[in-house]
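Quick note: the coordinates plus some simple rules give every number you see, no bench work behind them. These numbers were taken from a predicted model, which means no experiment stands behind them. Every residue, glycine among them, receives a Cβ derived from its backbone with ideal geometry; neighbour counts consider all protein chains shown.
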Amino acid sequence: MAATNFYQLSGLTYRYGERLALQDFTLAVGSGEIFGFLGPNGGGKTTLFKLLTTLRPLQEGDIVLDGASYRGRLDAIRARIGCVFQYPALDKKLKVGENLRHQGHLYGLSGGELDNRINSLLERFGLKDRKGSTVEDLSGGLQRRVEIAKALLHSPQVLLMDEPSTGLDPGIRLELWEYYEQLRREDGITILMTTHLLEEAERCDRIVLLDQGRIIAQGAPQALRESLGGRILRLTGTTGVDSLATQVKALAQHPVEIQGREVLVHLPDGAEDEAARIIREIGAKAESVNLARPTLADVYQAKVGRNWTAKEDA
């Protein structure tokens, strides 16, 4: 993987009036990485995406893509990025080939060069037999493939994707991830995506965890999960959670916390005997018991002190 200064975001701060949507957002992404911005709705993902795609001008800070600043010529930046938006940007009344041809014209492509590029992308995404199909007649998964092909027509260095799996079933999500990996492997394309789906974030090389416009954690998904310990034992109380927590603390040798109606024990690998003892002594008094490895939702809760939530996006 190339140096991590391929794509640099430095001190990004963005306000809507008095409301702060992004605060001192700084990170570096390496060439060829699949990088995810994970956060609940309202975390600032949409604002960040609009800045990365040049849909909104920078207020404070800078973005530099392979040496080119977003405070310079934006036409030069736009030639280097391809964008897939959360909501379809295809003309559903046009055919697949017509959508791609019009997109190519926007980037100055024409003639045989454009024809070859369209046919190559249709072949790659399994759309060759759909070139003459009207977009509105395609399934959601096929439409998303056309969206990605459209974003790649001008051979960008970076593919920016906003909630790429919105509205798609798990099987189609898995299929699209095979395409993302192929783009990275065969074309060296860097992919940045926003998501609120934990399973999607798990597939990224690295992620940033966002909350209220701030970076609260970043790194490889596995490393972030492992930072909380080997296992989390969860017990849900049938009566008062405080009483249950008191009983658990009397038996536990590792940190215990209350989270809503649950009592959590953070256990390192090798503490199976402690987990078994707590379950044996208290399990019958709990409504439910679960022992599992930490999730990214647990990382979020540990960092911000509240559960994964859904609210209006920034």
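Values computed for the structure shown
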quantity	calculated
Nearby lysines by direct alpha-carbon distance to Lys285 (threshold 19 angstrom, same-chain neighbours under 8 apart not counted)	Lys249
Segment 1-98: projected area of the alpha-carbon convex hull, averaged over directions, in nm²	8.2 nm²
Mean Kyte hydropathy of 0.0 or more with a Cα span along the axis of at least 30 Å, helices from DSSP in the chain	none
Entries of Lys93/Lys150; Lys45/Lys95; Lys50/Lys128; Lys50/Lys92; Lys45/Lys150 with Cα pairs more than 27 Å apart	Lys45/Lys95; Lys50/Lys128
Sequence-distant residues sharing a close amide H with Leu22 (under 5 Å, placed H)	Tyr14
Phi to ³J(HN,Hα) by Karplus 6.51 cos²θ - 1.76 cosθ + 1.60 over segment 19-34, Hz, x for Gly, Pro	8, 8, 8, 9, 10, 6, 7, 9, 6, 10, 10, x, 4, x, 7, 9
Rounded to the nearest 20 debye, dipole of segment 229-293 from Cβ charges on Lys, Arg, Asp, Glu	100 debye
Candidates per GluC sites (Glu not before Pro) in segment 121-221, loop by DSSP, up to 12 other Cβ within 10 Å	none
Relative contact order, percent, the chain [alpha-carbon distance under 8 Å, six or more residues apart]	22 percent
Packing rank of 204-215, 258-269, 240-251, where each peptide gets the mean count of other beta carbons within 10 Å, highest leading	204-215, 258-269, 240-251
Sequence-distant aspartates and glutamates (8 or more away, or on other chains) whose Cα lies within less than 19 Å of Lys131	Asp91, Glu98, Glu113, Asp115, Glu123, Glu147
Hz values of 3J(HN,Hα) by residue in segment 64-70 - Karplus curve (6.51, -1.76, 1.60), Gly and Pro given as x	10, 10, 6, x, 9, 7, 5
Within the chain, percent of DSSP bridges classed antiparallel, to nearest 5	65 percent
Test item: Cα-centred dipole of the chain, Lys/Arg +1 and Asp/Glu -1 on Cβ, debye	540 debye
For Arg56, distant residues with modelled amide H under 5 Å away	Leu51
Highest to lowest packing among 42-52, 277-287, 151-161, scored as the average C-beta count within 10 Å	42-52, 151-161, 277-287
